[in-house]
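Undergrad: Would you mind keeping the following structure in view while I ask a few things?
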């Protein structure tokens, strides 16, 4: 009975994780491999927490083994796919598509005729605001009917660069500049439950990482920093310390910026940053209602103030909770 319940739960958790990961990986520019661990941790955590609450008997070893096998399998598959089957986007001529030529990370196919069909295309990019003509409109409709995703050029450009091109502020469907409050409350509840599951399951691993940090360099295992958070309120964000404690030299802005070859990064810290494990203590911030799993990066206060002075509408990003993961975190570290 134990084995049957465990296998059934593992299959459900695997399917939920697979479907979620597949949806994430469909977006241009997304480093999907970075989402494998959190996606399957959430799916397995939710399923086996449900089993635990209903007091069904199950094998913890088999559950852990299934989770490990799933994550390793998709990590390997992701690496293989990136080498053998790169992202391919077909570009429809017309409108504002020329700027795509300078963007890396994608194999672009610039077609000139509606008779051209690119096999195994990941998607079609088109300026939907351009006057394309009846033939191209039929071509786009046929691609969509065949199951190929069709993207607006602005959406692709923002996805690949991580820069939202805000021309003006627009209201939502309810006529408000605020996001849907019902959605935000449901999202916060899901975030809180999944964070609680994760911190319980990973507590031995977190303790081991903290010990390795203390052995590798002087200083506390956790790094605390004041960051600009939800609704512009300052909050304390927690991370595993990956750098030596600074000597105080340089300005606050310079110390807040970490460079790729920064000599302050420790040996253990380099691995933590590369694998993004240094972000795990931020589940504490999720439990406190200050952060979410997905959202804009919470910047240091001094950097946030500088960005607000330099970038139009930058402050508007604080209308949602900052996230442990997001475009900036995945693509810039």
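Undergrad: Scan region 270-293 residue by residue and report those that are in contact with a helix residue (DSSP H, G or I) (Cβ under 7 Å, 6 or more places away or on another chain) and closer than 18 Å to residue 208 by Cα.
TA: 272, 276, 277, 278, 280, 283
Undergrad: Something else: Given the conditions (1) under 23 Å from residue 273 (Cβ atoms); (2) at pLDDT 75 or above; (3) outside any helix (DSSP H, G or I), report the number of the one that residue 30 does not fulfil.
TA: (2)
Undergrad: Pick from 59, 43: which is under 20 Å from the mean Cα position of the chain (by Cα), under 17 Å from residue 11 (Cβ atoms) and not assigned by TED's automatic domain parsing to the domain that holds residue 293?
TA: Just a single option satisfies the conditions, and that option is 43.
Undergrad: Something else about it: Output the residues belonging to region 11-27 that are in a loop (DSSP other than H, G, I, E, B) and either under 12 Å from the mean Cα position of the chain (by Cα) or modelled with pLDDT of 85 or more (or both). I'd like the intermediate steps shown before the answer.
TA: Within region 11-27, the subset in a loop (DSSP other than H, G, I, E, B) is 26-27.
Answer for region 11-27, where residues must be in a loop (DSSP other than H, G, I, E, B) and either under 12 Å from the mean Cα position of the chain (by Cα) or modelled with pLDDT of 85 or more (or both): just 27.
Undergrad: Please go through (1) farther than 19 Å from residue 154 by Cβ; (2) touching a residue at least 12 places away in the same chain (Cβ under 8 Å); (3) not in a strand (DSSP E or B) for residue 109 and return the number of the only condition it doesn't satisfy.
TA: (3)
The values are calculated or read from the model by the stated rules, or taken from the named source; none is laboratory data. Given the structure is predicted, the values throughout are model-derived calculations rather than measurements. Positions of Cβ are backbone-derived with ideal geometry, glycine not excepted, and every protein chain shown enters the neighbour counts.
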